[in-house]
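See structure below.
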Amino acid sequence: MKKQTIMKGLVIGVCVLSLAGCGTKQEEIQGEKDMSVTGQYQNSEEKQNNSTTNDAGEKVDADSLYLSAAMTGSVVEFSDDGCTVSATVTEDDGKTGVAAAPGYESEDTNVVVTYQEGCVVQIATIYTSTGTAELEQASVADIKKQSSVIIYGSFEDTHHVTATKVIICHRTA
């Protein structure tokens with residue numbers, strides 16, 4: 001009986017120690033992934049900031065498109081000199097983006113976007129299976145109602161952005 005109790009204690013101890021070791025290794029692996037992803041974002045962001053209006057077919061990390069953006073959202077109204085965007089609101093520490101359903105946009109969250117002279121417009125075909133995006137040149141005429149957009153520029157106030165760049169997002173598998 002005493003031998004059996006000692007054996008159970010030994011087995012439980014070995015299991016606890018082995019599980020504790022697994023958790024530590026997983027955290028190390030996750031930390032390495034986080035560091036490598038951060039490096040990729042920085043490199044992709046530098047590429048994005050250095051891109052010119054002549055880039056066609058440039059492939060970038062899809063997540064990097066969002067890093068330096070002023071805002072993201074869906075187009076409610078559009079014209080040749082600007083558009084109104086229903087802003088995507090982030091929740092869950094930036095892990096979840098919430099957008100209003102078409103027809104349920106709120107004036108409280110809509111943002112008027114004015115295109116700065118020389119504003120770059122691109123279409124990003126985002127491949128969700130690989131996490132990459134292919135950029136191609138576009139024009140203001142390509143911005144339509146309910147287009148998913150990423151806006152780069154600066155906020156003039158809470159409800160107005162002057163855009164230096166607009167990316168129209170098309171998602172595909």
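The values are calculated or read from the model by the stated rules, or taken from the named source; none is laboratory data. Treat the numbers as computed from the prediction; the structure is a model and nothing was measured. We place every Cβ from the backbone using ideal geometry, glycine too, and count neighbours over all the protein chains shown. Areas reflect the complete protein model, heavy atoms only, side chains present, ligands, DNA and RNA absent. Shrake-Rupley method; radii C 1.70, N 1.55, O 1.52, S 1.80 Å.
Condition (residue is touching a Gly at 6+ places or on another chain (Cβ under 6 Å), at pLDDT 95 or above and hydrophobic (A, V, I, L, M, F, W, C)) applied to segment 132-142: is it met by at least one residue? Within segment 132-142, not a single residue is touching a Gly at 6+ places or on another chain (Cβ under 6 Å), at pLDDT 95 or above and hydrophobic (A, V, I, L, M, F, W, C). Contact annotation: residue pairs with Cβ atoms under 8 Å, 6 or more positions apart or on different chains, pairing a residue in segment 66-82 that is more than 20 Å from residue 145 (Cβ to Cβ) with a partner that is assigned to a strand (DSSP E or B) and β-branched (Val, Ile, Thr), are 66/72; 66/150; 69/150; 69/151; 70/151; 70/161.
If you go through segment 153-167 and pick out every residue that is crowded, with 19+ Cβ neighbours inside 10 Å and β-branched (Val, Ile, Thr), you end up with 3. For segment 111-134, filtered to residues that are open to solvent by 50 Å² or more (accessible area, probe 1.4 Å) and of a type in the set (Gly, Ala, Ser), the residue that is farthest from the chain's Cα centre (by Cα) is 118.
Here's the yes/no breakdown for (1) touching a His at 6+ places or on another chain (Cβ under 7 Å); (2) of a type outside the set (Lys, Arg); (3) at pLDDT 90 or above; (4) more than 17 Å from residue 169 (Cα to Cα):
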{"position": "42", "(1), (2), (3), (4)": "no, yes, no, yes"}
{"position": "47", "(1), (2), (3), (4)": "no, no, no, yes"}
{"position": "50", "(1), (2), (3), (4)": "no, yes, no, yes"}
{"position": "72", "(1), (2), (3), (4)": "no, yes, yes, no"}
{"position": "97", "(1), (2), (3), (4)": "no, yes, no, no"}
